[in-house]
Amino acid sequence: MKRLVSIQDISCIGKCSQTIALPLISAMGIETSIIPTAVLSAHTMFPGFTFCDLSDSIPEIISHWKSLNLHFDAILTGYLGTTRHINMILDFYEQFAEDNTLTIVDPVFADNGKMYAGFDNEYAHAVTSLCKKAGYIVPNITEAAIMSGLPYREGFDASYINEILDRLSAFGASNIIITSIRRGNENGIIARLSDGTDFEYFKPHIDATFHGTGDLFTSTFAGALLNNYSAYDAARLAVDYTAYTLGVTQNNKTHNWYGIDFEETIPWLIKKLSFSC
Ligand code: PXL
């Protein structure tokens with residue numbers, strides 16, 4: 001069985017980061033190890049959340065794992081929160097990224113034109129340096145603009161996205177999938193792969209936002225890559241699954257404000273996966 005390690009926070013309530021990656025990627029048939037970078041009582045949209053930084057434990061986990069001679073088929077990172085965490089991920093790459101290990105980074109520091117609370121330019125710079133080392137990066141359009149040094153724009157055209165992709169590729173990013181791109185009545189992704197191919201995939205826009213949607217996209221994408229999907233097919237599956245889950249959540253009268261109802265749609269994803277095997 002393939003093994004992925006997911007390195008991001010545990011938000012005890014709220015359905016995001018590890019509490020999406022672990023159930024979802026496991027359900028996709030991949031052994032999913034975790035390193036929790038921090039434990040939050042609830043994700044950061046809850047007023048009064050607590051935050052316990054686990055940075056001090058990470059070097060110990062790494063040295064124990066090193067003694068176990070572990071191999072990872074993929075290293076996935078999402079919300080990290082401090083530049084110290086990012087340096088630890090760079091160290092983790094040194095120790096565990098082999099030639100055939102997929103490295104997938106969702107930079108998670110901004111959305112809708114602005115950085116999340118607690119993030120600043122120094123963090124954006126540090127996460128950009130991690131993105132340069134990763135095999136696959138999955139920034140949303142706001143993060144991609146900030147990392148490329150361009151101002152975020154609400155209304156944009158293809159040349160703006162192209163400029164972002166050119167700049168990120170020139171920095172050394174390999175496979176770039178930009179998510180959350182709103183174009184008229186559509187929402188989707190535009191990607192540039194390391195072989196120079198570009199592709200896009202758009203679906204009708206769903207007028208609903210739920211926390212953890214980006215984590216759902218990235219986890220699906222990572223799980224699909226490990227199920228031998230090409231980057232193109234993995235990205236399309238992730239868009240389809242995310243859009244389907246958003247729609248189900250929106251129609252679910254009992255949904256909570258704080259998270260996406262992916263628990264209900266896992267069977268849909270698994271059916272799609274087994275059909276294509
Ligand atoms: O969904 C990304 C994410 C993960 N973890 C925490 C967050 C966020 C986004 O804001 O706050 C704690």
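The values are calculated or read from the model by the stated rules, or taken from the named source; none is laboratory data. Source: prediction; values computed, not measured. For neighbour counting, all protein chains shown are included, and Cβ atoms are generated from backbone atoms with ideal geometry for every residue, glycine included. To get the accessible areas, we keep the full protein, side chains included, count just its heavy atoms, and leave off ligands, DNA and RNA. Shrake-Rupley method; radii C 1.70, N 1.55, O 1.52, S 1.80 Å.
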Subject >> Candidates G188, G184, filtered to the one that is modelled with pLDDT under 95 and more than 20 Å from A27 (Cβ to Cβ) >> reply: G184
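Out of all the residues in region 149-172, is one or more more than 16 Å from the ligand (Cβ to nearest atom), under 22 Å from L102 (Cβ atoms), open to solvent by less than 70 Å² (accessible area, probe 1.4 Å) and not in a helix (DSSP H, G or I)? Don't jump to the end; show me each part of the working.
Going through region 149-172, the residues more than 16 Å from the ligand (Cβ to nearest atom) turn out to be 149-172.
Narrowing further to those that are under 22 Å from L102 (Cβ atoms): 165, 168-169, 171-172.
With the extra rule that they be open to solvent by less than 70 Å² (accessible area, probe 1.4 Å), the set shrinks to 165, 168-169, 172.
Narrowing further to those that are not in a helix (DSSP H, G or I): 172.
Scanning region 149-172 turns up at least one residue that is more than 16 Å from the ligand (Cβ to nearest atom), under 22 Å from L102 (Cβ atoms), open to solvent by less than 70 Å² (accessible area, probe 1.4 Å) and not in a helix (DSSP H, G or I).
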**OP:** Working carefully through the options I146, I104, find the one that is assigned to a helix (DSSP H, G or I), touching a strand residue (DSSP E or B) at 6+ places or on another chain (Cβ under 7 Å) and in contact (Cβ under 8 Å) with a residue 24 or more places away in the chain.
**Re:** I146
Subject >> Tabulated pairs, region 7-20, first assigned to a loop (DSSP other than H, G, I, E, B) and open to solvent by 10 Å² or more (accessible area, probe 1.4 Å), second near the ligand (Cβ under 9 Å from one of its atoms) and among the aliphatic types (A, V, I, L, M), C-beta under 6 angstrom, 6+ apart or interchain >> reply: I13/A42
Subject >> Filter result (buried (at least 22 other Cβ atoms within 10 Å of the Cβ) and aromatic (F, W, Y)) within region 228-242 >> reply: Y241
Original post:
Which ones in region 208-235 are in contact (Cβ under 8 Å) with a residue 40 or more places away in the chain, in a loop (DSSP other than H, G, I, E, B) and more than 22 Å from T19 (Cβ to Cβ)?
Top reply: Y229
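Would you confirm whether any residue within region 34-42 is part of a strand (DSSP E or B), polar (S, T, N, Q), in contact (Cβ under 8 Å) with a residue 12 or more places away in the chain and farther than 18 Å from L216 by Cβ? Give the steps one after another, and end with the answer.
Within region 34-42, the subset part of a strand (DSSP E or B) is 34-40.
Retained after the next criterion (residues that are polar (S, T, N, Q)): 37.
Now restrict to residues that are in contact (Cβ under 8 Å) with a residue 12 or more places away in the chain: 37.
Keeping just the survivors that are farther than 18 Å from L216 by Cβ gives 37.
The answer is yes; a qualifying residue exists.
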Subject >> Residues that are closer than 11 Å to Q8 by Cβ and open to solvent by 10 Å² or more (accessible area, probe 1.4 Å), drawn from region 33-44 >> reply: I34, P36
Subject >> Some residue of region 45-59 being among the β-branched types (V, I, T), open to solvent by 50 Å² or more (accessible area, probe 1.4 Å), assigned to a loop (DSSP other than H, G, I, E, B) and out of contact with any helix residue (DSSP H, G or I) (no Cβ under 6 Å at 6 or more places or on another chain) >> reply: yes
Original post:
Do we find that L76 is surrounded by fewer than 16 Cβ atoms within 10 Å (Cβ to Cβ) and either within 15 Å of the ligand (Cβ to nearest atom) or assigned to a helix (DSSP H, G or I) (or both) in this structure?
Top reply: no
